[in-house]
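A short write-up of the structure that comes next.
The values are calculated or read from the model by the stated rules, or taken from the named source; none is laboratory data. The structure displayed is predicted, hence computed values, not measured ones. Positions of Cβ are generated from backbone atoms using ideal geometry, with glycine treated the same way; all protein chains shown enter the neighbour counts.
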Amino acid sequence: MLKKIANPLKKRSKELKKEVAALYLACKRKDVPWYVKAVVTAVVAYALSPVDLIPDFIPVLGYLDDLIILPLSILLAIKLIPAEIMAECRSQAGDLFKDEKVLKEGGD
């Protein structure tokens, strides 16, 4: 039962990690508009900030910002980046994680 739940979550977690890395790579590019970089910076700052719109100690509602607002803001940032640039950045992000796995296996 737990494996049925855990496996999709692990897969989604890896996809999200790749998307965030792709956003980071896209922000470093000069051909990405400044306002997209501002949105991505705001999303990252909010994700890392200890201040929430809805405090976490409020039952159920406290975690809604983490479960709804952050993924939607990441999706917004991805939609603002031109598709061809995002595709290149996703490819580069995938290569980064593939190389990381090779390094970990070689280092053991």
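In region 2-53, how many are among the acidic types (Asp, Glu) and at pLDDT below 80? Write out each step before concluding.
To start, the set of residues in region 2-53 that are among the acidic types (Asp, Glu) comprises 15, 19, 31, 52.
Cutting the leftovers down to at pLDDT below 80 gives us 52.
Counting residues in region 2-53 that are among the acidic types (Asp, Glu) and at pLDDT below 80 gives 1.
Need pairs with beta-carbon distance below 9 Å; first residue on the phi > 0 side of the Ramachandran plot and surrounded by 12 or more Cβ atoms within 10 Å (Cβ to Cβ) and within region 38-67, second modelled with pLDDT under 75 and of a type in the set (Asp, Glu); sequence gap 6+ or separate chains.
Note: no pairs meet the criteria.
Going through Lys18, Lys37, Lys10 one at a time, which residue ends up being within 21 Å of Asp95 (Cα to Cα), in a helix (DSSP H, G or I) and over 12 Å from the mean Cα position of the chain (by Cα)?
Details: Lys18 fails: over 12 Å from the mean Cα position of the chain (by Cα); Lys37 fails: within 21 Å of Asp95 (Cα to Cα).
After applying the criteria, what remains is Lys10.
Take the conditions surrounded by 11 or more Cβ atoms within 10 Å (Cβ to Cβ) and assigned to a helix (DSSP H, G or I) and apply them to Val32. Does it pass?
Values: surrounded by 11 or more Cβ atoms within 10 Å (Cβ to Cβ): yes; assigned to a helix (DSSP H, G or I): no.
Answer is no for this residue.
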